[in-house]
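Q: To start, I am sharing the structure in question, which I have written as structure tokens.
Only the coordinates and a few stated rules stand behind these numbers; no lab work does. Owing to the predicted nature of the structure, the values given are computational and were not obtained by experimental measurement. No Cβ is skipped: glycine too gets one built from the backbone with ideal geometry, and neighbour counts run over all protein chains shown.
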Amino acid sequence: MNNLLLSLPVFIPLMAAVVALLIPKQGALLGRLAAFLTLAITVQLVAEVYQSTELQMMAGNWPAGLAIKLQVDGISALFLLMSAVLYVVLSLYANQYFHRLTQRSDFWVLWGFLFTSLHALFISGDLFNLYFCLELLSVSAVGLTLLSASRDAFKAAGRYLIVSLLGSLLFLAGVAILIAKFGAADIHLLKELVANDSQSWLAFLLMNAGLMLKAALFPVHFWLPATHAVAPAPVSAALSALVVKACLFLIMRLWLELFLPLLTHQSAMVMGSLGTLAILLGAWQALIAKRLKHLAAWSTVSQVGYLVLFIPLLHNHQGSELYEPLLGAMVLMALTHAFAKSSLFLCIGRIQHAYGHDEIEGLQGLARLMPVTCFSIALAGLAIIGLPPGGGFLSKWLLLSGAVEMKQWFYTIAIAIGTLGAGAYLFRLLCIAFANQPPGVSLQRVTLSESPGLVLAIGATLVLGFFAYPIWQLVGSAGWSL
Amino acid sequence: MNEWLAHGLLPLILLSSLIPGLTVFLLKESNHLARNVLVISGALLTVLLVGVLIWGVYHEYNLEVRWQLAPQLELLFHADALSVFFVTLSSVLWLLTTIYAVGYLQKDKKTNRFFGFFSLCVTTTVGLALAGNLFTFVLFYELLTLATFPLVIHKGSAEAVQGAKTYLKYTLFGGVVLLISVVALQVMVGPLAFQTGGIDALKAYPYSQWLILVFIGLIVGLGVKCALFPLHGWLPKAMVAPAPVSALLHAVAVVKAGAFGIVRVVYDVYGIELAQQLGLLYGLSAIAAFTIIYGSLKALRQTNLKVRLAWSTVSQVSYIVLGAAIFGATATVGGLVHLVHQGITKITLFLAAGTYAETLKVTEIRQMDGLGRIMPATSIAFTIGALGMIGVPPVAGFVTKWYLADGAINAGMYWVPVVLMISALLNAAYFMPLVYRIWFKPPCQTIALSPSPLLIWPPLITAMLALAAGLFAAAPYSPLEWAQLIAEREYR
């Protein structure tokens, strides 16, 4: 039973992709069906993880005979849930977004592969499997980016492809070193074997570098704004919310689980500095962005910085009573950002359809013309900034607590400036939206529904703001705590 | 019955403004009747529930509600005498301003948005009044900024956008400073549930220089909304908002939230004795006194009525901070009771000014000649408000000044009564000319008007309340007696 439960979130999207390949006309219907099914299974899975006293489950052999190990703990269950919820909401939106048949059929195939690799990534227990997931993830993501079929899309996707492949290669090199030295790829086994020697360090650095490239952490963030800005709206949402998160999830697993003996004060501080610079640069660029999509993409760069900032904090608070609150805060921040950023991109998609552009200066009067969309953007923005209500506020509070406790004023000030910057770019947009509309503005009728954006925004703020407490109970039982 | 009271009353009070607020957004813009009925009945319900709350707190029932949001972060609502003080002011004035706003916005096209956010502002104000720990307070304090933004920018003109941007610059900055200060304090001391007389864990904290630094941060964060010099710059610019917004929010809710926060920090977080020991009260009283004089001086130079009233607010709200910064029960009473007195008096002035603007297009002071003849009821309200601001008995303001002066003398701060006197003189200097113009100058226009009763009655009622608060200050349940109750529990 456990085997089935674990493998289905991977298997169902895979089937949907394959069938979409074979029968293009049914791709959309099957894609959405697959999404709903996957969500149902995932909820069941999370419930099991929450309740069972032993909170790790292993799957045996994959039906086709490849020896793949799947496991779920509290944290991966939460990321899986995040992915499953977005799978449903984004699929519904995408169904209305893609009209032309060629686009549609391509989309659903790639979409299925994207979620297959995402879900497998969250629940993989061995490194080689992870490498495979990363490759599949990259290929699907690049393919989805290309669906815009514009010159900018080709350039951005090309850059994305090269960066992703480079990242995967670095990751593979690290994995190869580990397999050569220790003869195992299983994370649980490797955890015990890794020690403070030069090969482990080399493997660590290679894998970390590869994942940094894929997660767009400063200074290798350069590919993200162009790529996320040029992709179709639901794809941008998936890229910012899920693909980047998956790579961050792996970075966290490297630092806090696999290579824990190598987590020194200095190495953690390096990541902390990179995170700080990401926060500041992302906020600045978002503030001066002329297009909404660029604003959202740079905001993601900033957010990656916040999440990475948890690494030095968690290192410093190992064994203290702030460790679990911080770990849970990191997960909450990731979840909140995923929902909020997706909501933002979906709303931008609607705006693009209505106005024909997404130039920020041209959106006067948005609050009256598209009130629900504007409201969703405002809520999502609040969650991203870290203002109440919302998961962003709670996680930012705990992040600040960790930084202050460490007396790390550099981090504290960076978080403060980042928050102010985020407030500035959100309210710059809202001030324009609430201004009186200039005469002669007429909008196209938009067939995209407003509900997906609204639901996600409400999820990020009200649901995660008031009902997030179970997250800490799930996180506490994961194997990442000491 | 007791169960319901203890756990249900506080959420109900919050919901009584939240639900009408959210529902209004879903109504059709053209459906005036439904909207007006909804918001007015919501406001009435809130006042009723607050009545029950007053009774409960007076009899020392423990009214508390908790909800754990995250580790170390608990949403806590707790009704004590101080919170009831502020909640009562807010809910009663909200009712009157809602009625006024219905009349004021008759020709407006965005009333759904207006009333929706107006109600949400009340929810956030009530939330921070009932907050039982600093975390909850900060949460609602930031929410207040967010809920007021759409109201400041309501008109949508270039001027409104500019005013809103200025407002945001100041309040977001203050919000971040406040957040970091509270986080730091919580890291240093532990959970920050308000405790009359000061939090024990804080008083036991050994490193006083950190406590001083955090206090400064808290005052800066709170001082923005409270319009303390030099953080006051947003208030005159925010006058571009429609009159009901200026009246309720910037004369009452937002600035009072800042002042209320400072009172909480001084009495229920640090405790007045620790604040005195750390030397924090000197700095606070100095800034408050400076703001009092500065605001009045700036008010003198203004030619626009609302902006003059705004600078007057900058000056007057600092009386509350001054009261908090003087050690001694009498001064505490003075500062606290001014929370109510200044609220009702200032709202009278703003509502009257709004009525002048809406019916006669009077916005500049030179246009105010002879208004007493054209609009007698509104002018009477305005005059009573002006007298209250100056501190002429029997209108409410003089009680405050009396107690503040008395308390200052008891504490040996002899310069305070001097400041109060100068301030009273300045107030007279910028209010009496207005009163003179209204009653003793021939009118510029001789149009006899019939403005909407919705614009006439609310300022009259608040003026009567201001008069009553002064006349019946010694009566039971008066603001003065309530303030004395709070002070007594603090210095126990």
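Q: What's the center-to-center distance, using Cα atoms, between the range A:388-454 and the range B:312-342 in Å?
A: Centre-to-centre (Cα) distance: 36 Å.
Q: With labels modelled as points extended 7 Å from the Cα through the Cβ direction, what inter-label distance (nm, one decimal) is found for A:HIS357 paired with A:ILE23?
A: It works out to 4.5 nm between the two label points.
Q: Could you check how many percent of all C-alpha pairs in the range A:193-304 are farther apart than 23 Å?
A: Result for the distance tail: 32 percent.
Q: Compute the separation of the alpha-carbon centres of the range A:257-303 and the range B:362-427 and state it in Å as a whole number.
A: Computed from Cα coordinates, the inter-centre distance equals 54 Å.
Q: Can you give the alpha-carbon Rg of the range B:27-71 over 2.2 N^0.38 Å, where N counts its residues?
A: 1.80
Q: If you build the convex hull over the alpha carbons only and average its shadow over all orientations, what do you get for chain A? Give it in nm² to one decimal.
A: One quarter of the hull surface, i.e. the mean projection, equals 20.6 nm².
Q: Name the shape class, rounded, prolate or oblate, that the alpha-carbon gyration tensor gives for the range B:43-101, where a ≥ b ≥ c are the square roots of its eigenvalues, rounded holds for a/c under 1.5, and otherwise prolate holds if a/b is larger than b/c and oblate otherwise.
A: oblate
Q: Further, regarding this structure: May I ask for log10 I(q)/I(0) of the range A:251-342 at q = 0.13, 0.14 Å⁻¹, from a Debye sum over the Cα atoms as equal point scatterers with solvent left out?
A: At q = 0.13, 0.14 Å⁻¹ the computed log10 ratios are -0.48, -0.54.
Q: Shifting gears a bit: Over the residues of the range A:400-452, compute the C-alpha Rg and express it relative to 2.2 N^0.38 Å.
A: Taking the Cα Rg and dividing by 2.2 N^0.38 Å, one obtains 1.94.
Q: So how long is each side of the range A:361-482 along the principal axes, counting just the alpha-carbon atoms, biggest first, in Å?
A: Computed over the range A:361-482, the largest-to-smallest principal extents equal 61, 31, 18 Å.
Q: Kirkwood Rh, Cα Rg: Rg to Rh for the range B:441-492?
A: With Rg and the Kirkwood Rh in hand, the quotient comes to 1.31.
Q: Still on this structure, please answer the following. Enumerate by residue number the trypsin sites (Lys or Arg not before Pro) in the range B:33-119 meeting two conditions: DSSP loop (anything except H, G, I, E, B), and at most 12 other Cβ atoms within 10 Å of the site's Cβ.
A: Sparse-neighbourhood loop trypsin sites (Lys or Arg not before Pro): B:LYS107, B:LYS109.
Q: Enumerate the aspartates and glutamates that B:LYS110 could reach by cross-link, defined here as Cα to Cα under 20 Å, with residues fewer than 8 away along the same chain left out.
A: B:GLU29, B:GLU159, B:GLU358
Q: What percent does the relative contact order of the range A:333-391 come to when contacts are Cα pairs within less than 8 Å and at least six residues apart?
A: Relative contact order here is 49 percent.
Q: Same structure, new question: Can you give the relative contact order of chain A as a percent, counting alpha carbon pairs under 8 Å and 6+ residues apart?
A: 15
Q: Grab the alpha carbons of chain B, take their convex hull, and tell me the volume per residue in Å³.
A: 130
Q: Based on the inverse mean of 1/r over its pairs of different Cα atoms, what is the Kirkwood hydrodynamic radius of the range A:271-424, in Å?
A: 15.9
Q: If you don't mind, there's one more thing I want to ask. Give, in nm to one decimal, the length gained when the segment between B:SER30 and B:GLU364 is fully stretched (0.36 nm per residue of separation minus the Cα-Cα distance).
A: Gain on extension, B:SER30 to B:GLU364, equals 116.9 nm.
Q: How long are the semi-axes of the ellipsoid equivalent to the range A:92-148, from square roots of 5 times the Cα gyration tensor eigenvalues, in whole Å, largest first?
A: With the √(5λ) rule applied to the range A:92-148, the semi-axes are 26, 11, 7 Å.
Q: Let me ask something additional. Take the cross-link list A:LYS290/B:LYS155; A:LYS341/A:LYS396; B:LYS109/B:LYS155; B:LYS256/B:LYS346 and give me the ones stretching past 18 Å between alpha-carbons.
A: A:LYS290/B:LYS155
Q: When each pair of different Cα atoms in the range A:268-319 is counted once in the 1/r mean, what is the Kirkwood radius in angstroms, to one decimal?
A: 11.2
Q: I need the GluC sites (Glu not before Pro) found in the range A:311-404, filtered to DSSP loop residues with at most 15 other beta carbons within 10 Å of theirs.
A: Passing both the DSSP loop test and the Cβ count: A:GLU321.
Q: Whole number please: convex hull volume per residue of the Cα set in the range B:1-150, in Å³?
A: 107
Q: Measure out, as a whole number of angstrom, how far apart the alpha-carbon centroids of the range A:159-177 and the range B:165-214 sit.
A: Value for the Cα centre distance between the two parts: 46 Å.
Q: So, one more: On alpha carbon coordinates alone, what is the Rg over Rh value for the range A:139-226, Rh being the Kirkwood radius?
A: Answer for the range A:139-226: 1.12.
Q: In addition: Less than 14 Å Cβ to Cβ from A:VAL446, Lys/Arg counted +1 and Asp/Glu -1: what total charge do the surrounding residues give?
A: 0
Q: Given the range B:172-211, what whole percent of its Cα pairs are spread farther than 12 Å?
A: Of all Cα-Cα pairs in the range B:172-211, 62 percent lie more than 12 Å apart.
Q: Here's a follow-up. From the convex hull of the Cα coordinates of the range B:277-329, what is the mean projected area in square nanometres?
A: That works out to 3.6 nm², a quarter of the Cα hull's surface.
Q: What fraction, in whole percent, of alpha-carbon pairs in the protein assembly as shown exceed 40 Å separation?
A: Result for the distance tail: 44 percent.
Q: Rg to Rh ratio, the range B:204-361, alpha-carbon atoms and Kirkwood radius?
A: 1.02
Q: Convex hull volume of the Cα atoms in the range B:146-289, per residue, in Å³?
A: Normalising the Cα hull of the range B:146-289 by residue number yields 101 Å³.
Q: Another one. Which whole number gives the average count of other chain Cβ atoms within 10 Å of the Cβ atoms across peptide A:411-424?
A: Partner Cβ neighbours, averaged per residue: 3.
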